[in-house]
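Please read the structure below before turning to the comments.
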Amino acid sequence: TIRSLAIVEVFDRLLCSFGQDAWDSLYWNTTRRPRHPRMLVSMIVVGVYVTVHSLFLFVHVATLSVAVNSADNALLTLLISGNFAEIKSTVFKKYNKQNLFKITTSDICERFKLALFLLLILLLNCFQGEMSKSMVFDYYSMCGIVLVAELISDWIKHSFITKFNFIKSTAYFDYALILSGDVTGIGHEGLNLDYTHAAVKRIGLAQIPLVCVTARYLHEAVRFAIAFRGNGDVDHPMSALADLITDGNKWKFYSGMFGGMVALVSFKIGLGVCIRFIARRNLGGDVSVLKRKSSTPKATTNKEGGASRADKEAKKNQ
C-alpha cells in the first residue's frame, strides 16, 4: 500500500505539471486561433490528460479507503510514515528560495487533496451503511490526528530546509506577495493568461480531475443510499437524506440540491472576496494604483542623473 501510494503521488505531481501546460495551450488556441487544426489537437490532449489524471486520483482515493477501512489503523501508519520519509528525502538537499517556493505550493495542494479525499471516503462509508455514529466520531478523531501530523511534519521539514540552506523566514512573506499579485492580477498585464487562473497555475492545483473524482464519488454515494433505502435499511447516519431522495417528492430533492448549490456558490464568492481583501492588504495599497505603477515603464538613469548607457548607445547608432 505504501509503495502504491508513493507511485501515485509521483505520477500525480508529473501530471499536474503536464496538465498546466496542456490547459495553457488550449486557452491560447481558444483565444488566438479557435479555428486552427491545432485547436482540435489541444482538446484531444486535454481530454486524455483529464482521463489519465482522474484515474490516478481514483487509485489514490481507493488506497486511502483501504487504509481507512482496515482494522489495524493502517491509515495512521501509512500517512505518518510517508511524512517522515518525505522529511528524510528533502531536508538534506540543497535548495534556494525558488525551490523552496515550489515545495511550499506542493504542500498546499497536498493538504487540500488529503482533506478532500478523507471527506469523500467518510461520505461514501456513511452512505454504504457501514458506519455508526461512534465510528464516525472515531473517524473524525483519526482524520484530525492525520492532519495535525501532516502540519507538524511540514513544519519540521521547512524548519530544517531553511536552517541548512541559510534561508530567512522572510522568504515566506515574499511568497505571500507573489500569490497576492496573482490573485489581484498585478504583474500579469499584457499576458495572454486570465489572472484568476494565475494563482491556480502557480500552486499547481489540478482542478478538473479533482472535480471528476468528487462527482463520481457523490454519484456512488447517492446510488448506495437509494439501494439501502430500497432494502429497508434505515440504520445508517444518512437515512434521512436517502428518504429525501427516494420518497417520491422530487421537488424536495431538487429544491434541496438547488439550495445546496446556492450555498456553495455564495461560499465561493465570499471566500473569493476574503482572499482578495487579504491580498490587497498584503500588497499595501489600492490594486488599481499598483497595476498602473507596475505597467508604467521606469526611466533608467546613471549616477550623474543623465541618460543610461543603453540610451546613449542607441543615440550613437542613430
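A simple rule links phi to the HN-Hα coupling: the Karplus curve 6.51 cos²θ - 1.76 cosθ + 1.60 with θ = phi - 60°, which for the range 101-108 gives 5, 5, 5, 5, 5, 5, 5, 4 Hz, with x for Gly and Pro. Heavy-atom accessible surface of LEU177, to the nearest 10 Å², is about 70 Å², with a 1.4 Å probe and all protein chains retained.
Take the alpha carbon gyration tensor of the range 3-45, find the square roots of its eigenvalues, order them as a ≥ b ≥ c, and report rounded if a/c is under 1.5; if not, report prolate when a/b exceeds b/c, else oblate. Prolate, since a/c reaches 1.5 and a/b exceeds b/c. In percent, rounded to a whole number, the relative contact order of the range 1-93 is 33, using alpha-carbon pairs under 8 Å and six or more apart. The phi-based Karplus calculation (6.51 cos²θ - 1.76 cosθ + 1.60; θ = phi - 60°) puts the 3J(HN,Hα) values of the range 177-183 at 5, 5, 5, 5, x, 5, 5 Hz, whole numbers, x for Gly and Pro. Accessible area per residue was computed with a 1.4 Å probe on protein heavy atoms; VAL183 scores about 40 Å². Here the 3J(HN,Hα) profile of the range 26-33, calculated from phi with Karplus coefficients 6.51, -1.76 and 1.60 at θ = phi - 60°, is 5, 5, 5, 5, 5, 8, 9, 9 Hz, Gly and Pro shown as x. Label the range 133-181 by shape, choosing from rounded, prolate and oblate, from the square roots a ≥ b ≥ c of the eigenvalues of the Cα gyration tensor; if a/c is under 1.5 it is rounded, and otherwise prolate applies when a/b is larger than b/c, oblate when it is not. Judged from the Cα gyration tensor, the range 133-181 comes out oblate (a/c at least 1.5, b/c at or above a/b). Taking all protein chains together and rolling a 1.4 Å probe, TYR254 ends up with roughly 140 Å² accessible. How much of the pair distance distribution for the range 59-154 lies past 16 Å, counting alpha-carbon pairs only, in percent? So the pairs more than 16 Å apart make up 60 percent of the total in the range 59-154.
Given LYS93/LYS113; LYS102/LYS133; LYS157/LYS201; LYS94/LYS201; LYS93/LYS268, which pairs have Cα atoms separated by over 31 Å? Could the numbers behind the result be given before it?
On the way: LYS93/LYS113 26 Å; LYS102/LYS133 40 Å; LYS157/LYS201 24 Å; LYS94/LYS201 25 Å; LYS93/LYS268 39 Å.
In this structure, LYS102/LYS133; LYS93/LYS268 lie more than 31 Å apart at Cα.
For the range 1-157, the relative contact order is 26 percent, taking Cα pairs closer than 8 Å that sit 6 or more residues apart in sequence and dividing their mean separation by the residue count. Legend: residues LEU40, LEU116, sorted from most to least accessible area (1.4 Å probe; ligands, DNA and RNA excluded), read LEU40, LEU116.
The values are calculated or read from the model by the stated rules, or taken from the named source; none is laboratory data. These numbers were taken from a predicted model, which means no experiment stands behind them. Heavy atoms of the whole protein, side chains included, go into the accessibility calculation; ligands, DNA and RNA do not. Shrake-Rupley method; radii C 1.70, N 1.55, O 1.52, S 1.80 Å.
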